[in-house]
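Reviewing the structure listed below.
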Amino acid sequence: MTEIRLRPWAAQDLPLLRAQNTAEMTAHLGGPEAESALLDRHRRYLDTTEPGQMYVVLLDEVAAGGIGYWERQWRGELVYETGWHVLPGFQGRGIASRAAAQVARLAAAEGVHRELHAFPPVTNGASIAVCRKAGFSLRGECDFEYPKGTWIRCEDWWLPLTRAPQGPAGHAS
């Protein structure tokens, strides 16, 4: 199995964000964002003053996608949320589940929050499978606002950050 590596998001990664902003890649999330929204997102990904971190997923040093974790208020508690994108040419190889397991270990190592959540739309079977393979547990369905002002039906997958995830291994930098 080819090893993947996570590296912190950098200024030169805006083209990767644009490559992820297609109708195919955003079908379950309300469609592509406007350029101004992408630039705002890129600035947030670079912001290291807030808890969490965005990463580029590298396969043989080639950018295959992005993943990260960030702070979210969820049901009265501060938790980490995670989300990912893997470019179409890299999908179906277990990259997202290995990256999700790595990002969970990185979030756990911070020791800030006790839980990591992922909220894939109920229509996104591939992301739901990633959650399962990465060692997350299903809490149930929920209504989730994304993007702001739009409600979608999602599944709430969670992982306690007091233990290492049992998902596929890989290398994080």
- Message: Here's a check for you: in the stretch 79-94, which residue that is modelled with pLDDT of 95 or more and more than 15 Å from Q20 (Cα to Cα) is surrounded by the most Cβ atoms within 10 Å (Cβ to Cβ)?
- Response: Y80
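Regarding A63, is this residue out of contact with any Ser or Thr (no Cβ under 8 Å at 6 or more places or on another chain), under 24 Å from R7 (Cα atoms), modelled with pLDDT of 95 or more and not in a helix (DSSP H, G or I)?
Numbers: out of contact with any Ser or Thr (no Cβ under 8 Å at 6 or more places or on another chain): yes; under 24 Å from R7 (Cα atoms): yes; modelled with pLDDT of 95 or more: yes; not in a helix (DSSP H, G or I): yes.
When the stated conditions are applied, A63 passes them.
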- Task: Pairs only if they're at least six apart or on different chains, beta carbon under 7 angstrom, first in the stretch 107-133 and within 10 Å of H28 (Cα to Cα), second in a helix (DSSP H, G or I); list them, first residue then second.
- Result: P120/S127; P120/I128; P120/C131; P121/H28; T123/H28; N124/H28
- Item | Members of the stretch 3-26 found to be over 17 Å from the mean Cα position of the chain (by Cα) and among the aliphatic types (A, V, I, L, M), listed by number | A11, A23
- Does L138 qualify as being closer than 18 Å to Y80 by Cα, touching a residue at least 24 places away in the same chain (Cβ under 8 Å) and part of a strand (DSSP E or B)? no
- Total residues in the stretch 87-98, condition assigned to a helix (DSSP H, G or I) and in contact with a Pro (Cβ under 9 Å, 6 or more places away or on another chain): 2
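Given the criteria within 11 Å of the chain's Cα centre (by Cα), of a type in the set (F, W, Y) and closer than 23 Å to W9 by Cα, does Y80 qualify? Steps first, please.
Details: within 11 Å of the chain's Cα centre (by Cα): yes; of a type in the set (F, W, Y): yes; closer than 23 Å to W9 by Cα: yes.
Yes: the conditions hold for Y80.
Name the residues in the stretch 80-105 that are without any contact (Cβ under 8 Å) to a residue 40 or more places away in the chain and closer than 14 Å to L159 by Cβ, would you? Working first, answer last.
Taking the stretch 80-105 as the starting set, the residues that turn out to be without any contact (Cβ under 8 Å) to a residue 40 or more places away in the chain are 81-83, 86, 89-92, 96.
Answer for the stretch 80-105, where residues must be without any contact (Cβ under 8 Å) to a residue 40 or more places away in the chain and closer than 14 Å to L159 by Cβ: E81, T82, G83.
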- Note on the structure: Checked the stretch 109-119 for anything over 13 Å from L78 (Cα atoms) and either polar (S, T, N, Q) or at pLDDT 95 or above (or both); matches are A118, F119
- Quickly run through the stretch 141-155 and pick out the residues that are within 16 Å of the chain's Cα centre (by Cα), surrounded by 13 or more Cβ atoms within 10 Å (Cβ to Cβ) and either at pLDDT 90 or above or in a loop (DSSP other than H, G, I, E, B) (or both). Y146, C154, E155
- Filter result for G31 (at pLDDT below 90 and closer than 20 Å to P121 by Cα): yes
- Residues in the stretch 17-34 that are over 19 Å from G92 (Cα atoms) and part of a helix (DSSP H, G or I) total 3
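The values are calculated or read from the model by the stated rules, or taken from the named source; none is laboratory data. This is a predicted model, so every value here is computed, not measured. Cβ coordinates were reconstructed from backbone atoms using ideal geometry, including for glycine residues, and neighbour counts include every protein chain displayed.
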